[in-house]
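The block underneath contains the structure these notes are about, expressed in C-alpha cells.
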Amino acid sequence: MESGKRVSETHIMVLPFHAQGHINPMLQFSKRLASKGIKVTLVIAATSNSQSMHAQTSSINIEIISEELDRRQQEESIEDYLERFRILASQGLTALLEKHNRSNHPAKILIYDSVLPWAQDLAEHLGLDGVPFFTQSCAVSAIYYHFYQGVFNTPLEESTVSMPSMPLLRVDDLPSFINVKSPVDSALLNLVLSQFSNFKKGKWILCNTFDKLEDQVMKWMASQRPLIKTIGPTVPSMYLDKRLEDDKDYGLSLFQQNVDTCITWLDTKGIGSVVYVSFGSLASLGEEQMEELAWGLKRSNSHFMWVVRELEKKKLPDNFIEETSEKGLVVSWCCQLEVLAHKAVGCFMTHCGWNSTLEALSLGVPMIAMPRFSDQTTNAKFVEDVWQVGVRVKADEKGIVKREEIELCISEIMEGERGHEMKRNAARWKELAKEAVNEGGSSDKNLEEFVAELLCSSD
Ligand code: UDP
C-alpha cells in the first residue's frame, strides 16, 4: 500500500460534498494519494468544527473555504441550499486555486465529489483536469445511470426491474429517491442524476468499491466508460491489516465523539457478544420506530452499543438508558471503525449507508440491514442476497419494524446457524477487501496507474 513513494510536485485538490459520508472516503483517498508521494489539499466547503479538523491530519493539507455552508437554513429548500453551496464553494475554490497558482505548487487536478458536477466546468475553466469521485456503490451508480438515460421509469410497469449485470430488483430494492413521493425526494433525485451530466467528459472516474465486490456491474460500467476505476475500500490500511501502521483517524468528524468510553465498555464484553447499532449521520427514526427498536434491543439476548445522535435522543423511551445500563451503552457518536474492529462486536445493525456497508464488509462484521432511504435500500438488497453477509429486517404494513422482528434478526445472526454462515462470508469479504488495496491488488493497481499518469502529465 505504501510502495514506490515518490516525491512529486504534483498537487491535487480534493473537494467532497459537506456530509460525513462524503468527507470520510474522500479524506481517506487523499491520504492514500499522499502516501504515493502526491501533494494533496482537501477542500472542506464548510465546518463548525474546523479546529479539530486541522488538528487531525498530518499527511495532507486541509483548507476550509466557507464557514457559511454548514447546514441548510430554516425554510431553505434543498435546491436553494445546493445553489448557495455551488456559488460559495466555487468562489472559495477559485480563490484558493488562484492563491496556490501564485505559489510553487499550483494545483493540476481537481478530484470532486460526483454530486458536485459543476466542479468539472470550474476545473476546466481554470485549466485543471477534473476527476469525479463516486461515493456510492457501483450498482447504485449503474441504477441511477439507467434511470438518467430513461431505460426505466417509475412507477414501474412490472413488479421488478431488470438491468444488465444486476440481480432482479423490486421497487423496495431501488434507491428511494427514484420513487419520488415528495419535493424533497425530487430535489435529491435531481442531485443524484446530475452526477451523469458530465459522465462522458474528463478522463478518469473513481469509485469507492473494489472489483471483486461488484465484479459484473463494474465491468458493465467500464463498457460505458473505460476509465472508470475502483480505488476502494477507502478504509485505512491499519484496520484492514493489523501489521500496518497508519494514520489512525478515519474521518474528520462533524460530531463530538467519545472513543474512550466506547472502547473501555467494549473491553469488558465477551468476544462477539455485542450488537453495534447505528443509522449514520443523517437518517432519523420516527418515535414509534425508535421505541420498537429500543424494546427489541432490550428483549434480545445480546449486549448492544447504540449510536443515538444528540438530536434523536429525545425520542428514546423514558428511562431507557437507566433501565438498560447493565446490558447496553447509548452514545451520541463514536469512532465507528474502532468499534467495528473490536472483537466484542458480533454484528452491526445498520442503515446500510455505503460507507457503513463497506466498513462492515472490510472488517468482516455481519449485518442486520435496516435501510431508511436513498441508496440504503439497494445496499441492503446486496448485503442480504448478493454478498450474503446479513439479514434485512421486515417492516409491518405501516413501515414499522417491530420489536419481535428486531429480536428475531439479532438472534438469527448472533446465535443461529445462518449467522455462522454469514460470519464465514463476512470473513471472506474482509480478505478480499484487504487483497484489493494491498500492494498489487486491483484497487492499488488502479491507484498506481492513476498516479503514474498524473506524474507523467505534470512532468
Ligand atoms: N460514523 C462514525 N461514527 C458513528 C456513526 C458513523 O464515525 O457513530 C461514520 C461511519 O464510519 C461512516 C460515516 O460516519 O464512515 C457514515 O457514512 P454512511 O455512508 O455509512 O452513512 P451516512 O451518514 O452518509 O448516511
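The values are calculated or read from the model by the stated rules, or taken from the named source; none is laboratory data. Note that the structure is a prediction, hence the values are computed from the model and not measured. Using ideal geometry, Cβ is built from the backbone for each residue, glycine included, and neighbour counts are taken over all protein chains shown.
Looking only at segment 340-350, residues that are surrounded by fewer than 24 Cβ atoms within 10 Å (Cβ to Cβ) and either near the ligand (Cβ under 10 Å from one of its atoms) or aromatic (Phe, Trp, Tyr) (or both) come to 1 in all. Go through segment 288-339 and give me each residue that's away from the ligand (no atom under 16 Å from the Cβ) and part of a strand (DSSP E or B). Residue satisfying the conditions is His303 alone.
The residue that is surrounded by the fewest Cβ atoms within 10 Å (Cβ to Cβ), counting only those in segment 363-384 that are within 11 Å of the ligand (Cβ to nearest atom) and not charged (D, E, K, R), is Phe373. Listed by position, the strands (runs of 3 or more DSSP E) inside segment 343-403 whose residues that are under 16 Å from the mean Cα position of the chain (by Cα) and under 26 Å from Cys262 (Cα atoms) number at least 1 are 345-350, 367-369. The number of residues in segment 378-412 that are among the polar types (S, T, N, Q) and either out of contact with any strand residue (DSSP E or B) (no Cβ under 9 Å at 6 or more places or on another chain) or not assigned by TED's automatic domain parsing to the domain that holds Arg428 (or both) comes to 2. Scanning segment 184-238 for residues that are acidic (Asp, Glu), in a helix (DSSP H, G or I) and closer than 22 Å to Glu439 by Cβ yields one hit, Asp215. If you go through segment 386-400 and pick out every residue that is farther than 21 Å from Ser356 by Cβ and among the basic types (Lys, Arg), you end up with 1. For segment 262-287, a residue qualifies if it is within 13 Å of the ligand (Cβ to nearest atom) and at positive phi, and exactly one does: Gly280.
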